[in-house]
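Just below is one structure, and these are the notes that go with it.
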Amino acid sequence: MAQTVFIDGAAGTTGLEIAERLAGRSEFSLIALPDAERKDAARRSEALNGADFVILCLPDAAAIEAVAMVNNPAVRIIDASTAHRVAPGWAYGFPELSAAQRGAIATSKRVSNPGCYPTGFLALVAPLVAAGLVGRDARLSVNAVSGYSGGGKELIARFEADDDVGFRSYGLNLAHKHVPEMQRGAGLDHAPLFAPAVVPVYRGMLVEVPLSFDTSMSDAVHDALAEHFRESSLISVRRAGDESELLLRKSDDATDRIELMLYASPDGTQLRLVARLDNLGKGASGACVQNLNLMAGLAETTGLRL
């Protein structure tokens, strides 16, 4: 019998892409509310408590409210908002983060989906901290650019209405809501300095972490990342080729994969670590489906865009 899934916030960008990945899958049956009932508290409560799995694609306050409405102890929740990413009792939904993370997600009733920027940052940094190549007391910076779809309906409308915007830097108060999960997920003593930006492409992102060492570390860093993700079918690691630039193209295909790249100075003491991913794929909807698969006891890449 198919397990039921209710996507609360199904009309948003993340919800729509989750539904696309689940379309035609016999393992799941979607519970859908008509447009007129999506804000009806009684109908929402019925759907929230009647599903095997609930996926929240809502603003933070609405996600907290939805969780409070669930009184059926059998319901399992995946929250795509920021609301529960460092909350007690919630498993962090990045299966590749550590050896124990898949099991924690698979057995949890409450899973918080990672942010798109933190997914790239943690893929680059967490394995290096775990291996002792980057100290827990390191003061790191992370520079990142994302497609505008990550900003939700208002930012999408702004970019599509104003084609004169070439680059949008934000988070200038140095208190971006993704920073706590970056720090905790990487096991760092200090919050990283996070500099996010948005560019006029719909999807895709580059997340970069520069590192500097006293001696050559390019081989050690590459090997640590390659070993950490050796069995992953979604995350690949490579040394830089002879490319002179990295591009986000407006025509880039949707994907649920991440590519990690290492660029090094000739002496190997200065490194630029770059994660390239789809902010709507592994950065949002793809990650939700991967976590849903694990929680349902299915192969984790089923239905993903590889």
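Please treat every number below as a calculation from the coordinates, not as lab data. Because the structure is predicted, anything quoted here is derived from the model rather than measured. Glycine gets a Cβ as well: all are built from the backbone with ideal geometry, and neighbour counts include every protein chain shown.
Structure notes:
- Cβ crowding within 10 Å ranks Asp219, Asp60, Asp278 as Asp219, Asp60, Asp278, fewest other Cβ atoms first.
- Count of Lys pairs (Cα-Cα under 28 Å; at least 8 positions apart or interchain) in the chain: 11
- If R0 is taken as 22 Å, the Cβ-Cβ distance between Thr215 and Asp137 corresponds to a FRET efficiency of 0.75.
- Environment charge of Pro59, counting only residues whose C-beta is closer than 12 Å and scoring Lys/Arg +1, Asp/Glu -1: -3
- Global geometry of the stretch 25-160, whether rounded, prolate or oblate, following the gyration tensor of its Cα atoms and the 1.5 cut on a/c: oblate
- Largest first and in whole Å, the equivalent-ellipsoid semi-axes of the stretch 150-252 read 29, 20, 14, each the square root of five times a Cα gyration tensor eigenvalue.
- Globularity ratio of the stretch 4-96, using Cα Rg and 2.2 N^0.38 Å: 1.03
- Candidates per trypsin sites (Lys or Arg not before Pro) in the stretch 233-306, loop by DSSP, up to 13 other Cβ within 10 Å: Arg249, Lys250
- Formal net charge of residues neighbouring Gly15 (Cβ-Cβ distance under 15 Å; K, R +1; D, E -1): 0
- The spacing between the stretch 134-159 and the stretch 51-67, judged by their C-alpha centroids, is 23 Å.
- Residues Glu27, Glu17, Glu154, ranked from the fewest to the most other C-beta atoms within 10 Å, line up as Glu154, Glu27, Glu17.
- Calculated diffusion of the stretch 194-237, Stokes-Einstein form, Kirkwood radius summed over Cα pairs, 20 °C and 1.002 mPa s, µm²/s: 160
- Fewest-first ranking of Val289, Val67, using other Cβ atoms within 10 Å as the exposure measure: Val67, Val289
- Most mobile of Ile64, Ile55, Ile258 in a GNM of the chain (Cα contacts under 10 Å): Ile64
- Relative packing of 94-105, 178-189, which averages over residues the other C-beta atoms within 10 Å, highest first: 178-189, 94-105
- Computed over the chain, the alpha-carbon pair-distance distribution with 20 angstrom bins reads 34, 57, 9, 0, each value a whole percent.
- Cβ-defined net charge surrounding Gly303, 13 Å radius [Lys, Arg +1; Asp, Glu -1]: -2
- Beta bridge orientation in the chain: antiparallel %, DSSP, nearest 5: 40
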